[in-house]
Amino acid sequence: MFSVIALMVIVVLLISACGSGGQNSNSSQTQNAQSTSQTKDDMSRFDEEIAKGPNGETPTRSSEINLTEEDYAKLREGKHKAALIWAGSGEWYNALTEGAKEEFEKMGVKIVAVSDAQFDPAKQATDIETALALNPDIILSLPVDPVSGTRAYQPAVDKGVTIVFADNGVNNYRAGKEYVSIVTGDHFGMGRAAAELMNEAIGGKGEIAFIYHDADYFVTNNRDGAFKRAIQKKYPDIKIVAEAGFTQENATGEVASTILTQHPEIKGIYVAWDVAAEPVVAELRAAGRNDVKVVTHDLGANNDLDMARGGNVCGKVADMPVEIGRTMAKLAGYKLLGKEAPPFVVCSLIKVTRDNLEEAWKKSLNKELPEDILKALGKK
């Protein structure tokens, strides 16, 4: 009798166990499906994420900033004047000026000053004072330093000048109060695009180095951070084995030399921007490491020539300074017309490889490629 009862108990337990196992299996499959769906949703949100402004402002796409023919006609009646007060000089700033000039011509706005602060906060403060003597109604500017900029721009604020910033804001200034808006590139998008280029360049797997801008700087911090997050989230077979920061762009060669010594296995190096990548490329050449691929941001003749020749530089991400300049001018028009302006506006980007280098220069800088680069591409 005991044996029969024992046998019945065992059968019941086995049936129960089988039933329970089936439930666990189904539950596990459901959880896995939910997890996969959640991962896809998270990745989709990550891919679409746009950087907020320096004060947490919600971004607006530049395509939404427009003026009507009636708006242009009203602005032409005002016979306004503008000063362009930039942090630096070069192709990017020239394109910024060109975009603003193109839009101001439609608005009948006369540009009375264009200045280059040479990345010196004291010089930029002097540039502002000099420009104010010409009584501009509008100042378009890229601040060198958000801290000292608070004092530097105050005379313009006190005079009621319409101020629109590029890339960076100024500490303790608020959109719609001291300035109209900040216009910049899609920093998160640029970082993600750089990660895509790195993935393509090294075949989807391998070790890389990450050379970032080690300073509190809104644009580079966003781009660098987005690149790193994208590598970690989207490309599990790519490992960042070396990270190093820099503050002086001419010091990156030493950084690269140390990385190559400690991690000779690397297949790629990310560098925060184009000019900072030049010493890295020079170090790779000196070391005979033509196999190491470099990805960076912004266009520039030296590294673009290296790319055209099939060298180390294999990919770049560029924003649209002409578009940024146009949008800044339009937003100044918004203010003069009494139209409400969004506080933070983001412009588009372009991924650049050897195949579309010529197109990228036209789209981003509104310029033809230099002749030596065209020759290297076999187009001259």
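No lab work stands behind these numbers, since they all come straight from the coordinates. The structure displayed is predicted, hence computed values, not measured ones. In this analysis, Cβ positions are derived from the backbone assuming ideal geometry, glycine residues included, and neighbour counts consider all displayed protein chains.
Can you work out the Karplus-derived ³J(HN,Hα) for every residue in segment 308-325? Use 6.51 cos²θ - 1.76 cosθ + 1.60 with θ = phi - 60°, whole Hz, and x for glycine or proline.
Along segment 308-325, the couplings run 4, 7, x, x, 6, 6, 10, x, 9, 10, 10, 8, 10, x, 4, 5, 4, x Hz.
I need the fraction of alpha carbon pairs in the chain separated by more than 40 Å, rounded to a whole percent. Display every interim value, and only then the final one.
Numbers: 19856 of 72010 pairs.
Distances greater than 40 Å cover 28 percent of the Cα pairs.
Give, rounded to the nearest 20 debye, the magnitude of the charge dipole that segment 64-199 has about its Cα centre when Lys and Arg contribute +1 at Cβ and Asp and Glu contribute -1 at Cβ. Can you show the working numbers first?
Details: 13 positive and 21 negative charges, 88 e Å.
Dipole size: approximately 420 debye.
In whole Hz, with x marking every Gly and Pro, tabulate ³J(HN,Hα) for segment 170-185 from phi via Karplus 6.51 cos²θ - 1.76 cosθ + 1.60, θ = phi - 60°.
Coupling constants for segment 170-185: 10, 4, 6, 9, 10, 4, x, 10, 6, 9, 7, 6, 10, 10, 7, x Hz.
Sort out for me the Cα centre separation of segment 71-110 from segment 234-304, rounded to whole Å.
37
Which entries in 81/380; 234/339; 74/159; 316/375; 233/367; 74/351 show an alpha-carbon gap greater than 31 Å?
Values: 81/380 42 Å; 234/339 41 Å; 74/159 22 Å; 316/375 20 Å; 233/367 36 Å; 74/351 38 Å.
Over 31 Å apart, Cα to Cα: 81/380; 234/339; 233/367; 74/351.
As a check on your grasp of the helix formula, calculate [θ] at 222 nm for the chain: sum -39500 (n - 2.57) over DSSP H runs of n ≥ 4, divide by the residue count, round to the nearest 500. Each step should come with its number before you reach the end.
On the way: 14 runs with 186 residues, N = 380.
Computed ellipticity for the chain at 222 nm equals -15500 deg cm²/dmol.
If you count the DSSP beta bridges with both ends in the chain, what percent of them are antiparallel, to the nearest 5? Mind dumping the intermediate values first?
Values: 4 of 46 bridges.
About 10 percent, rounded to the nearest 5.
Is segment 242-380 best put as rounded, prolate or oblate by its Cα gyration tensor, with a ≥ b ≥ c the root eigenvalues, rounded for a/c under 1.5, and otherwise prolate when a/b is larger than b/c, oblate when not? Walk me through the intermediate numbers first.
Numbers: a/c = 3.18, a/b = 1.66, b/c = 1.92.
It comes out oblate by the Cα gyration axes.
Any chance you could give the angle, 0 to 90 degrees and rounded to 10, that helix 252-262 forms with the longest Cα principal axis of the chain?
Helix 252-262 sits at roughly 20 degrees to that axis.
Quick check: from the Cα gyration tensor, does segment 49-122 come out rounded (a/c under 1.5), prolate or oblate? The partial results should precede the final answer.
Values: a/c = 2.14, a/b = 1.12, b/c = 1.92.
Because a/c hits 1.5 or more and a/b fails to exceed b/c, segment 49-122 counts as oblate.
Taking amide H positions as placed 1.01 Å from N in the peptide plane, with prolines and chain starts having none, which residues 5 or more places from residue 61, or on another chain, fall under 5 Å of its amide H?
346
Restricting things to alpha carbons, tell me how big segment 202-250 is in terms of Rg and Dmax, in Å.
Cα radius of gyration and Dmax of segment 202-250 are 11.7, 33 Å respectively.
About its Cα centre, how strong a charge dipole does the chain have in debye, to the nearest 20, once Lys and Arg get +1 and Asp and Glu get -1 at the Cβ? Don't skip to the end; give the middle numbers.
Numbers: 42 positive and 53 negative charges, 118 e Å.
Roughly 560 debye, rounded to the nearest 20.
Using amide H atoms built in the peptide plane, which far-off residues or other-chain residues are under 5 Å from residue 212 H to H?
Amide H neighbours of residue 212, under 5 Å, 5+ apart: 244, 245, 246.
What is the Cα centroid distance between segment 328-364 and segment 151-227, reported in whole angstrom?
14
Just round it to a whole percent: the fraction of Cα-Cα distances in segment 188-310 exceeding 23 Å.
Values: 1587 of 7503 pairs.
More than 23 Å apart: 21 percent of the Cα pairs in segment 188-310.
Just how large is the dipole of segment 64-134 about the Cα centre, in debye to the nearest 20, putting +1 at every Lys and Arg Cβ and -1 at every Asp and Glu Cβ?
Details: 8 positive and 14 negative charges, 68 e Å.
Using Cβ point charges on Lys, Arg, Asp and Glu, segment 64-134 gives about 320 debye.
For segment 192-199, take each phi angle, set θ = phi - 60°, evaluate the Karplus expression 6.51 cos²θ - 1.76 cosθ + 1.60, and give the result in whole Hz per residue in order, putting x for glycine and proline.
So the Karplus estimates, Gly and Pro as x, are 5, 5, 5, 5, 4, 5, 5, 4 Hz.
Which of 189, 148, 93 sits farthest toward the positive end of the charge dipole of segment 92-231, with +1 on the Cβ of Lys and Arg and -1 on the Cβ of Asp and Glu?
189
Let me have the relative contact order for segment 278-380, percent, based on Cα pairs under 8 Å that are six or more residues apart. Provide the component values of the computation, followed by the final result.
Working: 117 pairs, mean separation 29.2, N = 103.
That works out to 28 percent.
Given segment 317-380, what whole percent of its Cα pairs are spread farther than 21 Å?
Values: 821 of 2016 pairs.
When all Cα pairs of segment 317-380 are counted, 41 percent exceed 21 Å.
Bin width 10 Å, origin at 0, all Cα-Cα pairs of segment 241-307: what percent of pairs per bin?
Cα pair-distance distribution for segment 241-307, in percent: 21, 62, 17, 0.
Residue 139's amide H: which non-local residues (gap 5+, or another chain) put their own amide H closer than 5 Å, with H modeled 1.01 Å from N in plane and none for Pro or chain starts?
Residues meeting the amide H criterion: 83, 162, 163, 164.
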